[in-house]
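The values are calculated or read from the model by the stated rules, or taken from the named source; none is laboratory data. On a predicted model such as this, the values are computed, not experimentally measured, just so you know. Quick reminder, even Gly has a Cβ in these numbers, built from the backbone with ideal geometry, and neighbours come from all protein chains shown.
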Amino acid sequence: MHVAAALAEPGSWRERIYGVRYNASTRSHAELDEAADLDEGDIGLLAGRHRQLAGDLPALAIVGGCCGTDARHVEALWE
């Protein structure tokens, strides 16, 4: 989770973030650069990490994905 360290910083700036778009893949950036296919990742892991992140973003209202995410991922994020 690339943004977790930034969320350790307190402040009202968190209230300005209203949307996130995840890459569900569990591959590294280097692996993704070389990949010939999309990696759907681990939907349960994605949803769990989202719950951790969402607790620090009070205005979060929009979630989505890219690069291998689909309706199953978005559904898991909203559950």
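Observations, loosely collected:
- Residue within the stretch 14-25 that is within 19 Å of residue 73 (Cβ to Cβ), free of Cβ contacts under 8 Å to residues at least 60 places away in the same chain, assigned to a helix (DSSP H, G or I) and of a type outside the set (Lys, Arg) present: no
- As a summary of the residue check, residue 60 satisfies the conditions (1) under 10 Å from the mean Cα position of the chain (by Cα); (2) aliphatic (A, V, I, L, M); (3) closer than 15 Å to residue 79 by Cβ; (4) assigned to a loop (DSSP other than H, G, I, E, B) except for the one numbered (1).
- Residue, modelled with the highest pLDDT, within the stretch 1-31, restricted to residues that are loosely packed, with under 11 Cβ neighbours inside 10 Å and polar (S, T, N, Q): 12
- Total residues in the stretch 41-73, condition surrounded by 15 or more Cβ atoms within 10 Å (Cβ to Cβ) and over 27 Å from residue 9 (Cα atoms): 6
- Matching residues in the stretch 63-79 - criterion: being part of a loop (DSSP other than H, G, I, E, B) and at negative phi: 69, 70, 79
- Selection over the stretch 36-57 of residues that are assigned to a helix (DSSP H, G or I) and in contact with a strand residue (DSSP E or B) (Cβ under 9 Å, 6 or more places away or on another chain) gives a count of 5.
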